[in-house]
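> Handing you a structure now.
The values are calculated or read from the model by the stated rules, or taken from the named source; none is laboratory data. Just so it is clear, the structure is predicted and the values come from calculations on it, not from any experiment. Ideal geometry is used to build each Cβ from the backbone, glycine not excepted, and the neighbour counts take in all protein chains shown.
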Amino acid sequence: MRFAVFLGAMLGGVAAMAADYVPLPGGTFNSVLPADGQNAPARIAPFAMRAEPVTNAEYLAFVRTHTAWSKDQVPALFADGAYLSHWAGALSLGDAVLADQPVTEVSWFAARAYCEGEDARLPTWYEWEVAAAADAHRTDARADPAWRQSVLDWYGRPSSAPLAPVGGAANVYGLRDLNGLVWEWVDDFNALLVSADSREQNGADKARFCGAAALTLQQKENYATLMRVAMLSALKASDTTRNLGFRCVRSL
Amino acid sequence: MKRWFLCLLLLVFASGAFGGNALPGDSVYQFNAPLVDQDGHAWHWADRRGHVQIVSMFYTSCTMVCPLIVDTMKITAQAAAEKNDARLGLLLVSFDLARDTAGVLHGYALRRGLSPAQWTLARADVDDTRKIAAMLGLQYRQLPDGDFNHSSELVLLDAEGRIVARTNVIGRVDAEFVHAVRKALAEK
């Protein structure tokens, strides 16, 4: 009996430590970025996504066991000078940073390394977009003007306010904080091919991008999502910002 | 005696500075990964430290801008250095892992007259290919039909692996970029 209680406590402890991943079915999805640059839907294989963004406490635990990713050791190639700059020390958060706030000021390289340590990877844009299209009741709420407005309202909030802890309301899959807390890295941020240049329809543009054509954006009314694409495609892999975090996924 | 000792000390310090150089933090050789070249030889990304290189990414079955990227690298190298100057490396990394085997890269190099003394056509695994593009600030995306959309840019790496210049002028020589290549070769 005592053993069973002990075992239960152990298992409970393990469950509390391991991140919660939620399965998503995948399928075809009408992305704002058509797969062929014209109108082909995205095809997404089933995957599991972290229910919440990675927190400061979780990232600190990672840095403690992977000190090459501490801010005093990481090379500039992998993270810019603002990497983890809100933390008090290389291996400490300090009083101004909450353990359960999403970690921000992390680069693409750093986010990738963290996910690898969790036997996971960063989501592709399509995986992130399909997950974030859901609201509390629907898997695709994007046609609802109220949903769009709620996302836009968040963009409009001043970024100087302290970040809330993770654990906002769950969407229909059980995923939290996809909209309304932080921006999130995707693995193929450098495949979105949306830049000021690619919107120019002139000869210089055709030479700049090899292939059928630079991607055209669809669903122009869905600029809540398009703004996110524009932001992600403008980033460099070593960039960090105070509103940019990440979560991981696993293929199923 | 004292002066002699000072000279020795200087010599030790100087050789230390030149011999055991710490790699700059922003060097692309902070990253390392195995690649395979057009002759099937395995090499590592950071093996290139010590060479000035013009780098771009491409795929051999591309019929539109990619041949122009290769041509632009060729004429840029000719404008900046003597023919087949071994100090200047020309590196093309493919992102078409399904089709661009070492054999296909070899055939392409032969067909385009890309001398192995100066040109390396290479492939890495899928994950490292994405990382190499990220480091170089290049974009690519596979389309459903197997083709790619990608940025057309040349990146100049100095001997320490720092990105010292880049150009998206394709199809002709970018004089500023050529100047940067010469400067990197002179500093080497």
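> Considering only region A:111-121, I want to know if a residue exists there that is of a type in the set (D, E), in contact with a helix residue (DSSP H, G or I) (Cβ under 8 Å, 6 or more places away or on another chain) and in a helix (DSSP H, G or I).
No, that holds for no residue.
> Further question on the same structure: Taking region B:102-154 as the search range and keeping residues that are part of a strand (DSSP E or B) and more than 7 Å from every other protein chain (Cβ to nearest Cβ), which one is farthest from the chain's Cα centre (by Cα)?
B:Q142
> B:L114 passes all but one of (1) under 28 Å from B:K188 (Cα atoms); (2) buried (at least 22 other Cβ atoms within 10 Å of the Cβ); which number fails?
Only one criterion in (1) under 28 Å from B:K188 (Cα atoms); (2) buried (at least 22 other Cβ atoms within 10 Å of the Cβ) is unmet by B:L114, namely (2).
> State which residue is farthest from B:D128 (Cα to Cα) when the search covers only region B:83-92 and only residues that are more than 14 Å from chain A (Cβ to nearest Cβ) and not acidic (D, E).
Selected residue: B:K83.
The rows are residues; the columns are (1) modelled with pLDDT under 85; (2) touching a strand residue (DSSP E or B) at 6+ places or on another chain (Cβ under 7 Å).
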| site | (1), (2) |
| --- | --- |
| A:P162 | no, no |
| A:Y173 | no, yes |
| A:V182 | no, yes |
| A:A196 | yes, no |
| A:A214 | yes, yes |
| A:Q219 | yes, no |
| A:N222 | yes, no |
| A:T240 | no, no |
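> Within the bounds of region A:73-82, is there any residue that is within 14 Å of chain B (Cβ to nearest Cβ), of a type in the set (S, T, N, Q) and free of Cβ contacts under 8 Å to residues at least 60 places away in the same chain?
Yes, some residue in region A:73-82 is within 14 Å of chain B (Cβ to nearest Cβ), of a type in the set (S, T, N, Q) and free of Cβ contacts under 8 Å to residues at least 60 places away in the same chain.
> Here's a follow-up. Of all residues in region B:23-82, count the ones that are among the aliphatic types (A, V, I, L, M), in contact with a Phe, Trp or Tyr (Cβ under 7 Å, 6 or more places away or on another chain) and away from chain A (no Cβ under 12 Å).
2
> While we're on this one: Would you confirm whether any residue within region B:95-115 is hydrophobic (A, V, I, L, M, F, W, C) and over 15 Å from B:T60 (Cα atoms)?
no
> Can you tell me which of (1) exposed (fewer than 15 other Cβ atoms within 10 Å of the Cβ); (2) modelled with pLDDT under 95; (3) of a type in the set (D, E, K, R) is the one A:R138 doesn't meet?
Every condition holds for A:R138 apart from (2).
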